[in-house]
């Protein structure tokens, strides 16, 4: 999170992009536009953040391991609060060695009720990210709300 926060503060899209796994970058749709979308939430570059929830999923086989961190943070900027979510494969020797790094990153308005229609698609997407890195709901890259 420290690296993500530093990139957000400095509006460094290249640094954020460099944190993604090669696997996620190959499969992400419009990653550069998605990064612009994420950075648009933090116009001043001043942010504060606090951990909300960090979970993990893992697999082990024959002395090898895959670990996926699933992190939710409350990020504040310019008087507004946001959910920031990222899925990060810290090691991935069992499932896919090319998928080490951030797999998914998203920002949504902060609301207490995560089932609220305003953020429900965001949380549905985040919940669908898994060790296999498959499925249409848990797609890699940047979460951008569906067009209305």
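The values are calculated or read from the model by the stated rules, or taken from the named source; none is laboratory data. Because the structure is predicted, anything quoted here is derived from the model rather than measured. FYI the Cβ positions are ideal-geometry reconstructions off the backbone, even for glycines, and counts take in every protein chain you see.
Remark: residue 58 falls outside the filter, which requires a residue to be modelled with pLDDT of 95 or more and farther than 22 Å from residue 2 by Cβ.
Selection of region 10-52 for residues being in a strand (DSSP E or B) and surrounded by 16 or more Cβ atoms within 10 Å (Cβ to Cβ) yields 20, 49.
Can you go through 61, 78, 66 and tell me which one is over 13 Å from the mean Cα position of the chain (by Cα), surrounded by fewer than 13 Cβ atoms within 10 Å (Cβ to Cβ) and either under 18 Å from residue 131 (Cβ atoms) or in contact (Cβ under 8 Å) with a residue 40 or more places away in the chain (or both)?
None of the others qualify; the one that does is 61.
Within region 60-102, the set of residues being part of a loop (DSSP other than H, G, I, E, B) and touching a strand residue (DSSP E or B) at 6+ places or on another chain (Cβ under 7 Å) comprises 93, 94, 95, 99, 100. Scanning region 128-139 for residues that are under 23 Å from residue 111 (Cα atoms) and out of contact with any strand residue (DSSP E or B) (no Cβ under 9 Å at 6 or more places or on another chain), we see that the one that is modelled with the highest pLDDT is 128.
Let's see how each residue does on (1) without any contact (Cβ under 8 Å) to a residue 12 or more places away in the chain; (2) over 14 Å from the mean Cα position of the chain (by Cα):
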residue	(1), (2)
12	yes, yes
20	no, no
23	no, yes
28	no, no
39	no, no
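Is it fair to say residue 108 is surrounded by 17 or more Cβ atoms within 10 Å (Cβ to Cβ) and touching a residue at least 40 places away in the same chain (Cβ under 8 Å)? So residue 108 does not fit the description; no.
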